[in-house]
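Asker: Pasting a structure below so you can have a look.
The values are calculated or read from the model by the stated rules, or taken from the named source; none is laboratory data. Remember, predicted model here, so these are calculated numbers, not experimental data. Glycine also receives a Cβ, built like all others from the backbone with ideal geometry; neighbour counts cover every protein chain displayed. With ligands, DNA and RNA removed, areas are computed over all heavy atoms of the protein, side chains included. Shrake-Rupley method; radii C 1.70, N 1.55, O 1.52, S 1.80 Å.
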Amino acid sequence: MQQLEALARDAVALANGNMGAGLVLSAPEAEVARQMQICNACRYCEGFCAVFPAMTRRLEFGKADIHFLANLCHNCGACLHACQYAPPHEFAVNVPQAMAQVRGQTYVDYAWPPALGRLYQRNGLTLSLALAAGLALFLLLALALNGTLWGGDLRGNFYRLFPHNLLVGMFAPVFLWAVLALGLGVRRFWRDVTPATSGLPVTSPAAAEATGDVLRLKYLDGGHGDGCHNEDDAYTLSRRRAHHLTFYGFMLCFAATSLATVYHYAFGWSAPYDLPSLPKLLGAVGGVSLLLGTAGLFRLNLRRHPQHGDAAQKPMDLGFIALLFFTSLSGLALWLARGTPALAALLAVHLGVVMALFATLPYGKFAHGIFRTASLLRHAVEKRQPNPVGLGAD
Amino acid sequence: MTVDVLVIGGGNAALCAALMAREAGASVLLLEAAPREWRGGNSAHTRNLRCMHDAPQDVLTGAYPEEEFWQDLLKVTGGQTDEALARLTIRASSHCRDWMRRHGVHFQPSLSGTLHLSRTNAFFMGGGKALVNAYYRSAEKLGVQVRYSAPVDRLELRDGRFVAAFVGSERITAKACVLAAGGFESNREWLREAWGQNARGEWPSDNFAIRGTRFNQGVLLRQLLKAGADTIGDPTQAHMVAIDARAPLYDGGICTRIDCVSLGVVVNREGRRFYDEGEDFWPKRYAIWGRLVAQQPGQVAYSVIDAKAAGRFMPPVFPGTRADTLPELAQKLGLDVPAFMQTMNGYNAACRVGTFDHTLLDDCHTEQLSPAKTHWARPVDKGPFHGYALKPGVTFTYLGLKTGETAAVSFGGVPSANLFVAGEMMAGNVLGQGYTAGVGMSIGTAFGRIAGVQSAQAAMKSGVHHAAA
Ligand SMILES: Cc1cc2nc3c(=O)[nH]c(=O)nc-3n(C[C@H](O)[C@H](O)[C@H](O)COP(=O)(O)OP(=O)(O)OC[C@H]3O[C@@H](n4cnc5c(N)ncnc54)[C@H](O)[C@@H]3O)c2cc1C
Ligand code: SF4
Ligand code: SF4
């Protein structure tokens, strides 16, 4: 209801030609603006991450600035533990939490198509698992009806169960949908934050820097290399490592699938591939890495300091982590059990989970990587411009 | 069970002492008056440490040799400093950073807007609270016992020796003790007593805000004064700055400062100017305006700027009162409009604008105006205008315990064998008045570390002594 009112106010503001900084802020956005005003007068956290240097280039925080800053925040927790104004102080500054709330809102607001944005806001974990289970069940039933669910002499060849073209016909649309939806969402975000971040186009040094920051997950290093926070004020590198295992594991699995597709179409070599083939190698290493990474993230997420981030988004986080975990688990199980009668059932489960993963990609936690990358890129562009705020020597 | 060393306090000085005593092999118990979420005292509000260095070093640029540091101290204190202790502090400041790093403190290049401090001051990454957190983690890892919500309300002393401390009715004994419980700035009654009543019948300190912790009540300082400990400094002396009048009563910290004083004019409740706003740069100016405002009626003043000042000073935490014309601003601030306009018109007419440059003592000044504005004087005439109400904010008090190079508390000139003091409780030995940024942490670090070592030694000695007896 509150959100609706905010939207209505925005619409009126827009109609009155009141663009950009003048747009009415939602409650979480107003909270970020309030806290940034305090941080801007304090600045002790300047060394931790990109948010603070970006903040010092501004004296006021409009909607687009807030969206940009919120997605620049990596939720590392450093500025909460270091904050002299953190609750119970009456200023109640909790930057990671305020930023997380706005981030969650941007995922919803920028989702394409808009109607689907609200889909995975609640019950992310249950929804994701239910979707995976539902899809798997559907496939299991289809196999059972065909009489191919158990046993049978497949010799590891699952195309006998699901012909290659059927798989492509099922997965390609889902995958393309995910790419399209994410692309359109982030395009709108980019268009909104670009004018607020100098408006200038991306240069190659900026792109190189942002790429490095993304690939190294620079802003989970705490600014000093000792890492970020999880359950308390101690620094830990475990979040960064678990993220890296997850991200690179995912990328390796993705590379394995892409390579397999090339093998299939370009060379006519069809799956299954076995070791020591390249797709299998990539897939195996990727799968194990993904398994370890997501298990780590899951554990860290449950132990996370309650004041970090936005508790309401936990189900979404956990849902995404769970889908990734079960994708790699079922994938690895499928490979290990390739000669057993369980192959068909495992295949159905694996395909169900992968399908659910891709279907939920644009409406879940995956979005954070895309929006954060966009923000880092805008930051890399903006920081190369002279600071518009010309403070005196003091 | 008796510990070797009892540390009373929970800020920088206390933690340095606890860590050093523990590293020297003593068992250590630290009692912090505040609950865990408010731990760290004023130290949690700091951001840097003044450091001597002869050549560029990690986060420090240029050189800041001993002599220059000493001259700076001499200047701000007007000579009220013990040279031996000051030099000891200065030298200690040059080599404490590696030790600090070993206990988890991170430094960073100086902050935007404070670039002129990067030569003299090392900034803590994340500020003092991050430093305090690091020290507590390290202390706990080393086995220092820490108790929160444990305000010590009195000490048991015998012949100048520490015997025990009381937290309520609980009696805690130790072989040696370090006092690092800060000043008495949060004790409103004591401030009232020290500042007294002025000619207008006001109790000025009633309108002071305390920039730091509410837990520095000076309970032990007071008890030791009564017990005949040697003291230094004057109870009316305190570091006081002008802060936003909307600042909270306690813990407003750094963000409530108003940094635009030199860019405009400052008037009192009667709409009159009372001091040269362009006298000097921060931090000198910063440290005098608290006292200036404290002397004005109602302990309030208003910093007024025009559109030319926008974006040229550290952004204030609260939005200013805004108006398109000066009379409108006066009205919104609750000032007498004709009196205020007379001041403003007089000031604007007296401005002789040369080349404005906020980064140096420029040639923009007033002529035939009292008080003059000697630099950065430009007419305040371009709307929109902003006004900020100011009130005095106490940073810390100067009255403390007299000590020497061993950080021992002394009674009638005789140093105690097992009672030591560090930090704000003795800073007056080095800093009898005035202030220069970052020196509070230098003193606390130097003397906290000394007190830690000395107390550990005293405890070990007394252990042998007891065994022999
Ligand atoms: C807003 C602000 C900014 C500052 N910035 C700087 C800066 O950048 N650099 C700098 O050098 N200095 C700065 N200072 C000054 C600096 O804070 C002090 O010099 C320094 O913190 C003193 O350290 P301390 O350990 O003696 O006292 P504190 O840090 O104040 O610690 C005193 C401790 O004693 C505890 N305590 C008090 N009474 C009792 C009791 N009876 N029993 C048990 N515990 C008790 C308190 O809870 C507290 O933990 C600043 C001060 C303020 C207020
Ligand atoms: S998070 Fe707190 S300590 Fe850090 S800059 Fe903001 S207000 Fe200052
Ligand atoms: S939580 Fe971490 S990344 Fe986010 S603003 Fe604070 S320091 Fe920066």
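Asker: Please give the calculated 222 nm ellipticity per residue for chain B, where each DSSP H segment of at least 4 residues contributes -39500 (n - 2.57) and the sum is spread over every residue; nearest 500 deg cm²/dmol?
Answerer: It lands at -9000 deg cm²/dmol.
Asker: Compute the signed sum of charges (Lys and Arg +1, Asp and Glu -1) over the other residues within less than 13 Å, Cβ to Cβ, of B:Pro338.
Answerer: Local charge sum for B:Pro338: -1.
Asker: Moving on to the next point. Indicate the residues belonging to region A:58-99 that lose 20 Å² or more of solvent-accessible heavy-atom surface (probe 1.4 Å) upon moving from the chain alone to the assembly of all protein chains, ignoring ligands and nucleic acids.
Answerer: Buried by 20 Å² or more upon assembly, which counts only protein chains, are A:Leu59, A:His81, A:Ala82, A:Gln84, A:Tyr85, A:Pro88, A:His89, A:Glu90, A:Phe91.
Asker: Charges at C-beta only: +1 for Lys and Arg, -1 for Asp and Glu. How large is the resulting dipole of the protein assembly as shown about its Cα centre, in Debye rounded to 20?
Answerer: On the way: 78 positive and 67 negative charges, 384 e Å.
For this selection, approximately 1840 debye.
Asker: Counting protein heavy atoms only and a 1.4 angstrom probe, how many square angstrom of accessible surface do chains B and A bury in total, to the nearest 100?
Answerer: 3300 Å²
Asker: Please label the shape of the protein assembly as shown as rounded, prolate or oblate, based on the square roots a ≥ b ≥ c of the eigenvalues of the alpha-carbon gyration tensor (a/c under 1.5 means rounded; beyond that, a/b larger than b/c means prolate, else oblate).
Answerer: It is oblate, given that a/c is not under 1.5 and a/b is not larger than b/c.
Asker: So who's got an amide H within less than 5 Å of the one on B:Val265, skipping anything under 5 residues away but keeping other chains? H placed 1.01 Å off N, in plane.
Answerer: Residues meeting the amide H criterion: B:Val304.
Asker: Leaving ligands and nucleic acids out of the surface, order B:Glu202, A:Glu60 by accessible area at 1.4 Å, largest first.
Answerer: A:Glu60, B:Glu202
Asker: Straight-line reach from B:Lys175: which lysines have Cα under 24 Å away, leaving out those fewer than 8 places along the same chain?
Answerer: B:Lys141, B:Lys226, B:Lys402, B:Lys461
Asker: Which one of A:Thr261, B:Gly233, A:Ala98 has its Cα pushed farthest toward the positive end of the charge dipole of the protein assembly as shown, where Lys and Arg give +1 and Asp and Glu give -1 at the Cβ?
Answerer: Comparing the listed Cα positions along the dipole, A:Thr261 ranks first.
Asker: Taking each pair of different alpha-carbon atoms in chain A once, compute 1/r for the pair, average those values, and report the inverse of that mean as the Kirkwood hydrodynamic radius in Å to one decimal.
Answerer: On the way: mean 1/r = 0.0441 Å⁻¹.
When all Cα pairs of chain A are included, the Kirkwood radius is 22.7 Å.
Asker: Rounded to the nearest 500, what is the 222 nm mean residue ellipticity of chain A from helices alone, with -39500 (n - 2.57) per DSSP H run of 4+ residues and division by all residues?
Answerer: The per-residue figure over chain A is -20500 deg cm²/dmol.
Asker: Report the equivalent ellipsoid semi-axes for region B:375-441 in whole Å, largest first, defined as the square roots of five times the eigenvalues of the gyration tensor built from alpha carbon atoms.
Answerer: Values: eigenvalues 383, 27, 16 Å².
Computed over region B:375-441, the values are 44, 12, 9 Å.
Asker: Which is farthest toward the positive dipole end of region A:243-351 among A:Leu282, A:Ala295, A:Ala344, measuring Cα position about the Cα centre, with Cβ charges +1 (Lys, Arg) and -1 (Asp, Glu)?
Answerer: Value computed over the given set: A:Ala295.
Asker: Applying a 10 Å radius around every beta-carbon, put A:96-108, B:268-280 in order of their mean neighbour count, most first.
Answerer: A:96-108, B:268-280
Asker: Could you state how much accessible area A:Arg187 has, in square angstrom rounded to the nearest 10, with a 1.4 Å probe and all protein chains kept in place?
Answerer: Here the accessible area works out near 120 Å².
Asker: Which angle between 0 and 90 degrees, to the nearest 10, do you get for helix A:314-336 versus the longest principal axis of chain A when only C-alpha atoms count?
Answerer: 30 degrees
Asker: Where does each of A:246-255, B:413-422 land if you order them by average Cβ count within 10 Å, highest first?
Answerer: Highest-to-lowest ranking by the protection proxy: B:413-422, A:246-255.
Asker: For chain A, what is the accessible area per residue in Å² when the probe is 1.4 Å? Spell out each step's value before the answer.
Answerer: Values: 17010 Å² over 394 residues.
Dividing the accessible area of chain A by its residue count gives 43 Å².
Asker: Per-residue Cβ counts within 10 Å, from other chains only, averaged over B:247-260: what number is that?
Answerer: Other-chain Cβ atoms within 10 Å of each residue's Cβ, averaged: 4.
Asker: Another question, then. What dipole magnitude, in Debye to the nearest 20, does chain B give about its Cα centre under +1 on Lys/Arg Cβ and -1 on Asp/Glu Cβ?
Answerer: That gives a dipole near 980 debye.
Asker: Also, I was wondering about something else. Name the cysteines of chain A that stand alone by the Cβ rule: no other cysteine Cβ under 4.7 angstrom.
Answerer: Flagged as lacking a Cys partner: A:Cys39, A:Cys49, A:Cys73, A:Cys83, A:Cys253.
Asker: Rounded to the nearest 20 Debye, what is the dipole magnitude of region A:113-367 about its Cα centre when Lys and Arg each give +1 and Asp and Glu each give -1 at the C-beta?
Answerer: Value, rounded to 20: 300 debye.
Asker: Still on this structure, please answer the following. Using the per-residue mean of other Cβ atoms lying within 10 Å as a proxy for protection, in what order, highest first, do the peptides B:224-230, A:192-198 fall?
Answerer: A:192-198, B:224-230
Asker: Of all the accessible heavy-atom surface of region B:238-393, with the other protein chains kept in place and a 1.4 Å probe, what percent is carbon and sulfur?
Answerer: 52 percent
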